[in-house]
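Down below is the structure, laid out as structure tokens.
Since every read-out is calculated from the coordinates, none of them should be taken as a lab result. The model shown is predicted, which means the values in this text are computed figures rather than measured ones. Glycine gets a Cβ as well: all are built from the backbone with ideal geometry, and neighbour counts include every protein chain shown.
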Amino acid sequence: MIKTIDLNSANLIDTKATSSKGNQLKWLVRNNWYKADHMGYEGLCEVVISKLLKKSNIKHFISYSPVRIEFDGRELNGCYSKNFKKKNESIITLEHLSKQWLANSMTKELLRYEEPKDKIKHTVDFIEKITNLKNVGKYLTTMLELDAFFLNEDRHTNNIAFILNDDTGEYSFCPYFDFGLSLLADTTIDFPLGDDIYTLIGKIHSKPFSRDFDEQLDAAQELYGYNLNFSFTNKDIESVFKEVSDYYSADIINRAKDLLYNQKHKYSYMFQEDGM
Ligand SMILES: Nc1ncnc2c1ncn2[C@@H]1O[C@H](COP(=O)(O)OP(=O)(O)O)[C@@H](O)[C@H]1O
Ligand SMILES: [Mg+2]
């Protein structure tokens with residue numbers, strides 16, 4: 001069954017283009033965030049990945065559901081999530097922290113270091129110093145493990161964020177969010193449907209510490225250990241796709257499934273009960 005929402009008269013959120021692939025249209029309506037697909041099947045990724053995260057050791061992530069959005073004479077697939085930000089809270093991105101405290105973009109700041117390990121360590125130390133949070137290394141490593149597993153190409157420094165309590169000045173961790181550009185979701189420019197997925201996997205680049213997913217992952221794990229543990233089965237994969245099968249075509253669904261099976265095989269250690 002398809003759930004449809006008319007957002008023609010809703011308040012379109014004006015966000016600066018932060019992603020290299022442009023921004024998805026976004027609305028905040030009755031305390032839910034709606035995001036429309038922009039490059040391909042971003043909504044599918046958000047939904048499927050958040051459902052799979054339920055079968056992992058991660059407790060703090062945004063849960064997304066699929067939706068069809070009517071807007072400006074068009075019908076767009078998309079997803080929605082509950083607003084996690086409370087009234088007295090602000091969401092502060094890593095990019096924002098860097099501009100505020102280092103008077104420099106984090107992307108430029110990272111160019112000062114050659115090795116991914118040094119980039120990661122510098123970022124973690126910087127965040128811990130400013131926010132007073134502990135275990136930022138583990139939080140960030142888990143994020144990079146998720147990104148490598150789901151092939152998320154969009155972890156720029158605005159997609160790493162923290163919650164600031166405006167009353168107390170205390171920071172807390174954001175739930176993991178924005179896995180839209182994972183699993184080769186960009187069918188418009190980089191990953192056309194019908195192309196061989198193994199060739200396409202070779203073309204994806206990670207962010208923000210290295211362009212190579214495994215180089216970035218290895219560097220973080222060497223510093224802060226193995227953190228991510230999954231428990232979903234192949235049957236779970238089949239079942240989470242039922243949620244999006246009315247919204248997306250069979251070739252999209254099959255490609256995303258094939259990628260997940262491939263990644264599950266590649267990162268089988270993430271499924272071992274006692275980790276590594
Ligand atoms: N469920 C949510 N709760 C609170 N804020 C949200 C939520 N979803 C999105 N946002 C806000 O919108 C910003 C952009 O969301 P994101 O999912 O990264 O969209 P995009 O895919 O366009 O980058 C976030 O940094 C956050 O400030
Ligand atoms: Mg984003």
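Only helical DSSP H runs with n ≥ 4 go in: add -39500 (n - 2.57) per run for the chain, normalise by residue count and round the 222 nm mean residue ellipticity to 500 deg cm²/dmol.
Numbers: 9 runs with 99 residues, N = 276.
For the chain, the value works out to -11000 deg cm²/dmol.
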Which values of log₁₀ I(q)/I(0), to two decimal places, follow from the Debye formula for region 138-276 at q = 0.09, 0.10 Å⁻¹ with a uniform point scatterer at every Cα?
-0.31, -0.38
Using θ = phi - 60° and the Karplus form 6.51 cos²θ - 1.76 cosθ + 1.60, what ³J(HN,Hα) does each residue of region 30-36 get, whole Hz, x for Gly and Pro?
6, 6, 10, 8, 10, 10, 8
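Please arrange 48, 124 by counting, for each residue, the other beta carbons lying within 10 Å of its beta carbon, fewest first.
Numbers: 48 27, 124 21.
Ascending Cβ contact count within 10 Å gives the list 124, 48.
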Where the Cα pairs of the chain fall when distances are cut into 10 Å bins, in %:
6, 29, 36, 23, 5, 0
Output ordering of 101-114, 31-44 (per-residue mean of other Cβ within 10 Å, highest first) is 31-44, 101-114
In the chain, if the dipole is taken from +1 on Lys/Arg beta carbons and -1 on Asp/Glu beta carbons about the Cα centre, which of 208, 103, 189 is farthest to the positive end?
103
Could you work out how much longer the chain between residue 23 and residue 70 gets when fully extended? Use 0.36 nm per residue separation minus the Cα distance between them, nm to one decimal.
15.1 nm
What is the extension gain from residue 173 to residue 234, computed as 0.36 nm multiplied by their sequence separation minus the C-alpha to C-alpha distance, in nm to one decimal?
18.9 nm
